[in-house]
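Everything on this sheet refers to the single structure shown next.
Please treat every number below as a calculation from the coordinates, not as lab data. As the structure is a prediction and not an experimental result, all values here were calculated from the model. Glycine also receives a Cβ, built like all others from the backbone with ideal geometry; neighbour counts cover every protein chain displayed.
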Amino acid sequence: MKVTGKVWKYGDDVNTDVIFPGKYTYTVSERSEMGQYALEDLDPEFNKNAKPGDIIVAGKNWGCGSSREQAVTCIKERGIAAIVAKGFARIYYRNALNEGLPIVVCPEAVDAIEAGDEISIDFDKGEITTPKGTFSFPKYPDFVKGLIEDGGLIPHVKKSLGLE
């Protein structure tokens with residue numbers, strides 16, 4: 001699997017209340033609506049200009065804070081192809097895999113990437129290609145690759161059990 005997109009870059013410790021504003025937690029329940037509120041309080045330009053296939057690049061501890069799943073769902077529903085970060089909060093990392101949202105830890109690439117760059121991520125090779133060079137990251141284990149390719153944990157389990 002390979003994705004190419006424009007970068008939206010953010011810093012360290014972006015929490016789930018900023019990714020999906022807490023004020024919508026109990027009022028927005030439809031997945032299809034969640035994407036329009038992604039990063040609303042952090043970057044008002046994001047929802048005006050982000051395109052399906054774009055990529056988020058962030059510092060350390062992306063997704064810290066509460067375990068709210070909407071913080072992953074809104075990014076996926078917005079059409080973001082992947083997130084590359086220096087590090088992820090543990091629960092956000094797991095929620096992203098459960099949703100089938102590709103995420104990569106690659107601090108060296110994050111340092112080289114600028115907002116607005118176009119980058120490519122080749123998950124099969126474990127490489128991120130940027131204007132400043134190519135950076136390696138550990139390839140996904142087969143199980144995680146299956147989660148991503150199948151669109152998340154629930155579709156993956158259904159497929160594995162022949163229930164599709």
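Could you tell me whether segment 31-115 comes out rounded, prolate or oblate from its Cα gyration tensor? Rule is a ≥ b ≥ c as square roots of the eigenvalues, rounded for a/c under 1.5, then prolate if a/b exceeds b/c, otherwise oblate.
Oblate, because a/c is 1.5 or more while a/b does not exceed b/c.
Just to check I understand the Karplus step: with θ = phi - 60° and J = 6.51 cos²θ - 1.76 cosθ + 1.60, what whole-Hz values come out for segment 39-49, glycine and proline as x?
6, 3, 7, 8, 8, x, 6, 4, 6, 6, 10
To check you understand DSSP bridge types, tell me what percent of the beta bridges within segment 75-164 (both residues inside) are antiparallel, rounded to 5.
70 percent
Taking the chain as a Gaussian network, Cα atoms linked when under 10 Å apart, which of 56, 75, 91 shows the biggest mean-square fluctuation?
Highest fluctuation of the listed residues: 91.
Tabulate in residue order the Karplus-calculated ³J(HN,Hα) for segment 82-88, using 6.51 cos²θ - 1.76 cosθ + 1.60 with θ = phi - 60°, rounded to whole Hz; enter x for Gly and Pro.
My calculation for segment 82-88 gives 5, 10, 10, 9, 6, x, 10 Hz in order.
Using +1 at the C-beta of Lys and Arg and -1 at the C-beta of Asp and Glu, which of 161, 65, 130 has the Cα lying farthest in the positive direction of the dipole of the chain?
161
Could you name the lysines in cross-link range of residue 132, using Cα to Cα under 30 Å and dropping any fewer than eight places away on the same chain?
2, 6, 9, 48, 51, 60, 76, 86, 145
Which cross-chain or sequence-distant (5 or more) residues have an amide H under 5 Å from the amide H of residue 82, H modelled 1.01 Å from N in plane?
56
Provide Rg and Dmax in Å for segment 66-147, with only Cα atoms included in the calculation.
Rg, Dmax (Cα atoms, Å): 12.8, 35.
Using the Cα atoms of segment 55-103 to build a convex hull, what is its mean projected area in square nanometres?
With every direction weighted equally, the projected area is 2.8 nm².
What number comes out for the charge environment of residue 126, summing +1 per Lys or Arg and -1 per Asp or Glu over other residues with Cβ under 12 Å away?
+1
In whole angstrom, how long is each semi-axis of the equivalent ellipsoid of the chain, when you take the square root of 5 times every eigenvalue of its Cα gyration tensor and sort them from largest down?
Rounded to whole Å, the semi-axes are 22, 21, 14.
Under the Karplus relation 6.51 cos²θ - 1.76 cosθ + 1.60, θ = phi - 60°, what is the ordered set of whole-Hz ³J(HN,Hα) values for segment 7-21, x standing for Gly and Pro?
Computed from phi, the couplings for segment 7-21 are 8, 10, 10, 9, x, 7, 6, 6, 9, 5, 5, 8, 5, 10, x Hz.
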